[in-house]
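Peer 1: For reference, the structure I am asking about is given below.
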Amino acid sequence: MEKISKADHAISSPASQTQSDGWVYSNESREWPEPPPEPVQCPHCGKLRYHRGKELNTLNLRIFWVPAAIPCDCEGAVKERETAEIERKKEAERKAEDELRQRVSRLRCDSGMRGRFLERTFENYLTPDEKTEKAKAAAVRYAQNFENMDQKKNGLFILGDIGVGKTHLAAAIANNLIQKGRPVICMTMIDMLARIKSTYDKREISEGEILRIYETVPLLIIDDMGKEPPTDWGVSKIYAIINSRYEGYKPTIVTSNYTDTELERRLTPQSGDDMTARATVDRLREMCEALVMEGQSWRSR
């Protein structure tokens with residue numbers, strides 16, 4: 001390529017700018033401690049693009065030059081940069097979407113949900129009457145407002161007879177939040193206790209570690225509370241989890257076939273000591289809004 005002199009098509013960089021913005025420019029007429037970088041010709045308009053640099057000491061013995069030449073301000077160069085920025089943003093969005101999909105996949109594996117739990121969504125929740133429609137609307141609002149809920153009463157106590165759709169709505173909330181990248185654990189009380197017990201035979205994770213997961217996950221959903229015959233050990237573990245989440249203002253959703261007073265009895269062990277059961281339910285009263293579901297069992301429709 002024919003060598004172009006600095007006088008040809010030069011981008012202006014007046015000497016006064018050096019004093020005002022702290023930069024030096026490679027097309028300044030001065031003695032340099034070492035030759036500045038060669039100018040680069042703009043492929044769109046032919047202007048020479050010079051470099052700017054910083055003096056590293058007051059004696060002007062060394063200058064750090066920015067490797068990239070000063071961008072050209074011609075229409076072609078501006079359009080090229082705008083196009084590159086649009087592509088960069090698109091690529092960043094694609095990467096973020098891929099990372100979210102991978103995160104959602106991992107969250108689903110870690111959520112404790114299996115089989116039918118994973119298929120339960122708001123979209124396939126049937127609402128044959130006004131009562132079920134209201135219940136669904138309340139669950140949808142909970143998922144939509146999850147990030148902005150009041151700390152003190154940020155849970156749900158979903159109460160209803162067998163088959164009215166309590167588990168479906170709880171799982172739909174879990175799936176909705178997981179799809180947004182929020183960690184959720186959703187499992188039955190029986191499975192939760194079984195997983196804690198399993199740590200006694202496995203050395204890769206301790207009881208304390210699994211309890212910390214239950215106590216700190218952003219949303220914990222305990223399905224069918226009160227279904228399993230209570231034991232002193234089981235009730236104490238459930239209380240420890242609920243109490244920790246209560247103290248940390250962690251949202252908790254519980255589904256049950258029993259009212260709060262019935263649940264106290266269901267969580268009372270055969271020993272007759274109901275103190276832990278009453279304390280557990282008392283925490284749930286403070287943490288959770290009640291969502292009472294009525295209607296015919298889905299399984300009999």
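Peer 1: Would you mind classifying the stretch 247-288 by shape? Square roots of the alpha carbon gyration tensor eigenvalues, ordered a ≥ b ≥ c; an a/c under 1.5 is rounded, otherwise it is prolate if a/b is larger than b/c and oblate if not.
Peer 2: Numbers: a/c = 2.69, a/b = 1.58, b/c = 1.70.
Since a/c reaches 1.5 but b/c is at least a/b, the shape of the stretch 247-288 is classed as oblate.
Peer 1: Another question, if that's okay. Note down, for the stretch 161-301, the three equivalent ellipsoid semi-axes (square root of 5 times each alpha carbon gyration tensor eigenvalue), biggest first, whole angstrom. Walk me through the numbers on the way to the answer.
Peer 2: Details: eigenvalues 103, 83, 45 Å².
One finds semi-axes of 23, 20, 15 Å for the stretch 161-301.
Peer 1: Now for a separate question. Roughly to the nearest percent, how much of the accessible area of the chain is carbon and sulfur, given a 1.4 Å probe? Mind dumping the intermediate values first?
Peer 2: Values: 8900 of 17850 Å².
Exposed carbon and sulfur together represent 50 percent of the surface.
Peer 1: Once the Cβ-Cβ distance between R285 and D201 is put in as r, and R0 is 35 Å, what FRET efficiency do you end up with, to the nearest 0.05? Provide the component values of the computation, followed by the final result.
Peer 2: Details: r = 36 Å, r/R0 = 1.02.
The calculated FRET efficiency here is 0.45.
Peer 1: Going 7 Å from the Cα of K180 along its beta-carbon direction, which residues of the stretch 194-224 have the amide nitrogen within less than 13 Å of the resulting point?
Peer 2: 219
Peer 1: Give the percent of DSSP beta bridges with both residues in the chain that are antiparallel, rounded to the nearest 5.
Peer 2: Given both bridge residues lie in the chain, the antiparallel proportion sits at roughly 25 percent.
Peer 1: With runs of 4+ DSSP H residues as the only contributors, calculate the mean residue ellipticity of the chain at 222 nm using -39,500 (n - 2.57) per run, divided by the residue total and rounded to the nearest 500. Present the calculation step by step, with values, prior to reporting the outcome.
Peer 2: Working: 10 runs with 132 residues, N = 301.
Calculated at 222 nm, the ellipticity per residue is -14000 deg cm²/dmol.
Peer 1: Give me the lysines in straight-line cross-link reach of K152: C-alpha distance below 21 Å, same-chain residues under 8 apart excluded.
Peer 2: K152 reaches K250.
Peer 1: Note the full-extension length gain between K95 and D274 as 0.36 nm times their separation in residues minus their Cα-Cα distance, in nm to one decimal. Mind dumping the intermediate values first?
Peer 2: Numbers: separation 179, 0.36 × 179 = 64.44 nm, distance 5.28 nm.
Between K95 and D274, full extension yields 59.2 nm more.
Peer 1: Quick one: grab the alpha carbon gyration tensor of the stretch 161-221, order the square roots of its eigenvalues as a ≥ b ≥ c, and give me rounded if a/c is under 1.5, else prolate or oblate depending on whether a/b is larger than b/c. Display every interim value, and only then the final one.
Peer 2: Working: a/c = 3.21, a/b = 1.54, b/c = 2.08.
The shape class here is oblate.
Peer 1: Tell me whether the stretch 126-181 comes out rounded, prolate or oblate; compute the Cα gyration tensor, take square roots of the eigenvalues as a ≥ b ≥ c, and use a/c under 1.5 as the rounded threshold. All intermediate terms of the calculation are to be shown ahead of the outcome.
Peer 2: Working: a/c = 1.86, a/b = 1.56, b/c = 1.19.
Prolate shape, in that a/c is at least 1.5 and a/b is the bigger ratio.
Peer 1: Turning to a different aspect of this structure: Using alpha-carbon positions, what is the distance between the centroids of the stretch 174-200 and the stretch 220-260, in Å?
Peer 2: So the two Cα centres are separated by 13 Å.
Peer 1: What fraction of the Cα pairs in the chain, stated in percent, has a spacing above 25 angstrom?
Peer 2: Working: 28329 of 45150 pairs.
The calculated P(r) of the chain puts 63 percent of pairs beyond 25 Å.
Peer 1: Just to confirm the filter: which GluC sites (Glu not before Pro) across the stretch 157-237 are DSSP coil and have at most 12 other Cβ within 10 angstrom of their Cβ? All intermediate terms of the calculation are to be shown ahead of the outcome.
Peer 2: On the way: sites: E204, E207, E209, E215; in loops: E204.
Qualifying residues, ordered by number: E204.
Peer 1: Can you pull out the trypsin sites (Lys or Arg not before Pro) in the stretch 41-127 whose DSSP state is coil and whose Cβ has at most 16 other Cβ atoms within 10 Å?
Peer 2: Working: sites: K47, R49, R52, K54, R62, K79, R81, R88, K89, K90, R94, K95, R101, R103, R106, R108, R114, R116, R120; in loops: K47, R62, R114, R120.
Within the stretch 41-127, the qualifying trypsin sites (Lys or Arg not before Pro) (loop, at most 16 other Cβ atoms within 10 Å) are R62, R114.
Peer 1: State, to one decimal in nm, how far the label point of L211 lies from the label point of I190, with both points 7 Å from Cα in the Cβ direction.
Peer 2: Going from the L211 label point to the I190 one covers 2.4 nm.
Peer 1: Between the DSSP loop rule and a limit of at most 15 other Cβ atoms within 10 Å, which chymotrypsin sites (Phe, Trp or Tyr not before Pro) in the stretch 84-147 are left? Working shown, then result.
Peer 2: Working: sites: F117, F122, Y125, Y142, F146; in loops: F122, Y125.
The qualifying sites: there are none.
Peer 1: Another question about this same structure. Accessible surface of S244 in the full protein assembly, 1.4 angstrom probe, to the nearest 10 Å²?
Peer 2: Surface accessible to solvent at S244 totals approximately 40 Å².
Peer 1: Continuing with the same structure: Which Cys residues of the chain have no other Cys beta carbon under 4.7 Å away?
Peer 2: C109, C186, C288
The values are calculated or read from the model by the stated rules, or taken from the named source; none is laboratory data. What you are looking at is a predicted structure, and each value in this text was computed from that prediction instead of being measured. All Cβ positions, even for glycine, are placed from backbone atoms using ideal geometry, and neighbour counts span all protein chains on display. The protein model used for the area step is the full one, side chains on, heavy atoms only, and it has no ligands, DNA or RNA in it. Shrake-Rupley method; radii C 1.70, N 1.55, O 1.52, S 1.80 Å.
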